[in-house]
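Quick note: the coordinates plus some simple rules give every number you see, no bench work behind them. These numbers come from a predicted model, not from an experiment. Positions of Cβ are backbone-derived with ideal geometry, glycine not excepted, and every protein chain shown enters the neighbour counts.
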Amino acid sequence: MVFATLARPAFLALGWAGVGLGIVGVIFPVLPTTPFLLVALWAFSRSSPQLAERIRSNPRLGPYIRDWEEFGVIPPKAKLLAVAMMAGSFAYLWFGTAAPAWTAMVVAIMLIAVAAYILTRPGRRP
C-alpha cells in the first residue's frame, strides 16, 4: 500500500527530471535529448497518461518519439551524431586524461556495444 502511494509521485518526479534534462539537451548538443524524453515518457505513462501524450504530440520532438516507440527508428543524422560523440568522448579519455589503460578498454567495449546497437536500428519507418 505504501509503495503504491509513493510510486506515482516518484514516477512524476522522474518524468519531470527527464523532461528537464531533455530541454537541457536541446540547448547543449553534447547532451542527448531523445533518451531523456523516452525516460520521461516511460515514467509519465505510469503516473500521468496525459503528460505522456503531451510528449508524443509535441510538434517538434513527438515524431522522433513516436517513430522510436512504433518502429525502433533512429534517424541517420542522430546515429552519426551519437557515434561521433562517443568517438570524441573516447578520444578525449584516451589522449586527454591519465586514465589507466584498463579503464579505457572497458569504456571502449561499452561504447562499441552501444554504437553497434545504435547502428543496427532502422533509419527510416518501414
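For the chain, state the average projected area of the convex hull of the C-alpha atoms over all orientations, rounded to one decimal in nm².
9.9 nm²
Can you compute the modelled spin-label distance between K77 and A101, with each label point 7 Å from Cα toward Cβ, in nm?
In this crude spin-label approximation the distance works out to 4.1 nm.
From zero up to wherever the largest Cα-Cα distance of the stretch 27-92 sits, split into 10 Å bins and tell me the percent of pairs in each.
19, 46, 25, 8, 0
Working from Cα positions, state the angle (0 to 90°, nearest 10) between the long axis of helix 34-47 and the longest principal axis of the chain.
30 degrees
Which value, to two decimals, describes the C-alpha radius of gyration of the stretch 76-120 once divided by 2.2 N^0.38 Å? Please list the in-between numbers first.
Numbers: Rg = 11.1 Å, N = 45, 2.2 N^0.38 = 9.3 Å.
In units of the globular-protein estimate, the stretch 76-120 measures up at 1.19.
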